[in-house]
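> Dropping a structure here in structure tokens format, bear with me for questions.
Please treat every number below as a calculation from the coordinates, not as lab data. Keep in mind that what you see is a predicted model, and the values were worked out from it rather than measured. No Cβ is skipped: glycine too gets one built from the backbone with ideal geometry, and neighbour counts run over all protein chains shown.
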Amino acid sequence: MSLVFVTVGSTRFDSLVEKVCSQELLAVFEKLGYSRLVVQYGKSCAQFTATNSVNFSVSGFDYKSSLDSYYDSAELVISHAGSGSILNALRREKKLVVVSNQSLMDNHQQELAQELADLGVLVQSSVSTLASSLNNINSVTLKKFPPQNSSAVKSLFQNIL
Amino acid sequence: MVVFGSGGHTTEMIQILNGLGVDYFQKISFIYSSQDILSKDAALNSFRHKNSKFILIPRARRVGQSYFSSVFTTINAFMTSVSVLVSTSPDIIICNGPAICVPIVIASYIYRILGLEYSSVVYIESFARVKTLSLTGKLLYRLSDKFVVQWPYFKKTYPRSEYYSYLV
């Protein structure tokens, strides 16, 4: 029951939700050996389609108080470029494909995705190139995301109180 | 006092607090905005602190709200921030970018000028901000006691900023 988890975060990402539910992408997921797709679609409910075939099931929801179990059990995470989703996937050492939302006015999110793609810890893609990024995913070797420096966190708070 | 935002801000804040060790502070007040119950749930799911409470603050401006009505909602948010500061009198205010930080930090700054209360403000810019500060970051750059960024590119443009490798 190999799982792909797609998350759009707290707002919406119509074109991504529509894309991952398309026949084209479902065929790619199946070819890569996945059997289940779960989509956290936020406000993009109209773009979501649930399907259930013998080999592949697609389910989804708008929001849940915790997405931890999905991140934990996913083998592949496809996410919008929000820092929360990126961190949740990378901290669990999941294979991560980030799709930037070009329709956002303030496109600073792309900076983060680009920087992390340059570090080699995730794959950066777009809605139109997602299928080919996924087709190549097994030939890409991703680096390990550097761990949190908890002594740095502690030193930050020293001498304050 | 820890100020939560939505989505990524909350994820980052939880990571930072976990890195610090949740018992680092004897007492924590978590501030969250009225449109963001998810943060409260996320915090409750992530850690339990023996002496913590959650305080709700109304949003200054919703996405898409008209400017005229946002004058009143901003005043309301500001007044709530002032009363929350008075009732909790925190030693330290930790915020990491959501807009609800702004009225809280401004209120604490006014208190400090008046000599009524002194809270240290630690601002930690979001991990998402690689080369440009958020609007909240720009507004609070001079009002924070410690202004922390999570990427090393800000030293030239914002000399007061401090960088400490991976915090999240």
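> What does the convex hull of the alpha-carbon atoms of the range A:3-160 project to on average, in nm²?
10.4 nm²
> Near the amide H of B:Ile93, under 5 Å away, which other amide H atoms are found, from residues 5 or more places off or on another chain, if H is placed in the peptide plane?
Placed amide hydrogens put B:Ser120, B:Val121, B:Val122 under 5 Å from B:Ile93.
> HN-Hα J couplings of the range B:8-19 from phi, Karplus 6.51/-1.76/1.60, θ = phi - 60°, integer Hz, Gly and Pro as x?
x, 4, 5, 4, 5, 4, 5, 4, 5, 5, 5, x
> Provide, for the range A:3-160, the number of lysine pairs with alpha carbons under 17 Å apart, each pair being eight or more places apart or on different chains.
Values: A:Lys19/A:Lys31; A:Lys19/A:Lys43; A:Lys31/A:Lys95; A:Lys43/A:Lys64; A:Lys94/A:Lys143; A:Lys94/A:Lys144; A:Lys95/A:Lys143; A:Lys95/A:Lys144.
Qualifying lysine pairs in the range A:3-160: 8.
> PRE reach from A:Ser103 (point 7 Å along Cα→Cβ): which of the range A:1-42 fall under 18 Å by backbone N?
So the set is A:7-22, A:40-42.
> I would also like to ask the following. Counting pairs on different chains as well as pairs 8 or more places apart, how many Lys pairs in the range B:2-163 have Cα atoms under 23 Å apart?
So the count of such lysine pairs works out to 14.
> Assigning unit charges at the beta carbon (Lys, Arg +1; Asp, Glu -1) and nothing else, what dipole magnitude in debye, to the nearest 20, does the range A:27-161 show about its Cα centre?
For this selection, approximately 280 debye.
> Then there's this: Once label points are set 7 Å from the Cα along Cα→Cβ at both A:Thr129 and B:Tyr118, what is their separation, rounded to one decimal in nm?
Once both label points are built, they end up 5.4 nm from each other.
> Further question: Kindly state, to the nearest 0.05, the FRET efficiency for A:Ile160 paired with B:Asn45, given R0 = 25 Å and r defined as their beta-carbon distance.
That pair, A:Ile160 with B:Asn45, gives E of 0.35.
> Let me ask something else about it. So how do B:Leu56, A:Leu67 line up by other beta-carbon neighbours within 10 Å, fewest first? Could you put the intermediate results ahead of the total?
Working: B:Leu56 14, A:Leu67 21.
Ordered from fewest to most neighbouring Cβ atoms within 10 Å, B:Leu56, A:Leu67 come out as B:Leu56, A:Leu67.
> A further question on this structure: Let me see the pair-distance distribution of the range B:2-163: every alpha carbon pair, 10 Å bin width, integer percents in order.
Reading the bins upward from 0: 10, 39, 38, 12, 0.
> Here is a follow-up. How high is the FRET efficiency between A:Ile137 and B:Val71 when r is their beta carbon distance and R₀ equals 41 Å, given to the nearest 0.05?
Working: r = 50 Å, r/R0 = 1.22.
So the FRET efficiency works out to roughly 0.25.
> I want to check the label-to-label distance for A:Glu24 and A:Gln114. Put each point 7 Å from Cα in the C-beta direction and report it in nm to one decimal.
About 2.5 nm separates the two model spin labels.
> The range B:83-168: which GluC sites (Glu not before Pro) are DSSP loop and have at most 16 other beta-carbon atoms within 10 angstrom? Don't skip to the answer; put the middle values down first.
On the way: sites: B:Glu117, B:Glu125, B:Glu162; in loops: B:Glu117, B:Glu125.
Taking the range B:83-168 and a limit of 16 other Cβ atoms within 10 Å, the loop GluC sites (Glu not before Pro) found are B:Glu117.
> What are the ³J(HN,Hα) values, in whole Hz, obtained from phi via the Karplus relation 6.51 cos²θ - 1.76 cosθ + 1.60 with θ = phi - 60°, for each residue of the range B:97-113 in sequence order, with x given for Gly and Pro?
Running phi through 6.51 cos²θ - 1.76 cosθ + 1.60 with θ = phi - 60° gives x, x, 4, 5, 5, 4, x, 5, 5, 5, 4, 5, 5, 5, 4, 5, 4 Hz.
> Looking at B:Thr73, A:Phe145, A:Phe5, which one has the Cα that reaches farthest to the positive end of the dipole of the protein assembly as shown (charges on Cβ: Lys, Arg +1; Asp, Glu -1)?
My answer, from the dipole projection, is B:Thr73.
> Also, I was wondering about something else. Which values, in whole Å and largest first, are the semi-axes of the equivalent ellipsoid of the protein assembly as shown obtained as the square root of 5 times each eigenvalue of the Cα gyration tensor?
Whole-Å semi-axes of the equivalent ellipsoid: 37, 21, 18.
> Let me ask another. With the cut-off at 1.5 for a/c, could you classify the range B:78-168 from its C-alpha gyration tensor as rounded, prolate or oblate?
Cα axes put the range B:78-168 in the prolate bin.
> Now a separate question. Net charge around B:Asn51, counting only other residues with Cβ within less than 10 Å of its Cβ (Lys, Arg = +1; Asp, Glu = -1)?
Residues near B:Asn51 contribute +2 overall.
> Which ordering of A:Arg92, B:Arg160 is given by a fewest-first count of other beta-carbon atoms within 10 Å?
Starting with the residue having the fewest Cβ neighbours, the order is B:Arg160, A:Arg92.
> Rounded to whole Hz and in sequence order, give me ³J(HN,Hα) for the range A:41-46 from the Karplus expression 6.51 cos²θ - 1.76 cosθ + 1.60, θ = phi - 60°, writing x for Gly and Pro.
9, x, 8, 8, 5, 5
> Quick one: compute the contact order of chain B, relative version, from alpha carbon pairs under 8 angstrom and 6+ residues apart, as a percent.
Details: 270 pairs, mean separation 34.8, N = 168.
In percent, rounded to a whole number, it is 21.
> Based on the alpha-carbon set only, what is the convex hull volume of the range A:84-128 divided per residue, in Å³?
Values: hull volume 3.1 nm³, N = 45.
Per-residue hull volume (Cα only) is 69 Å³.
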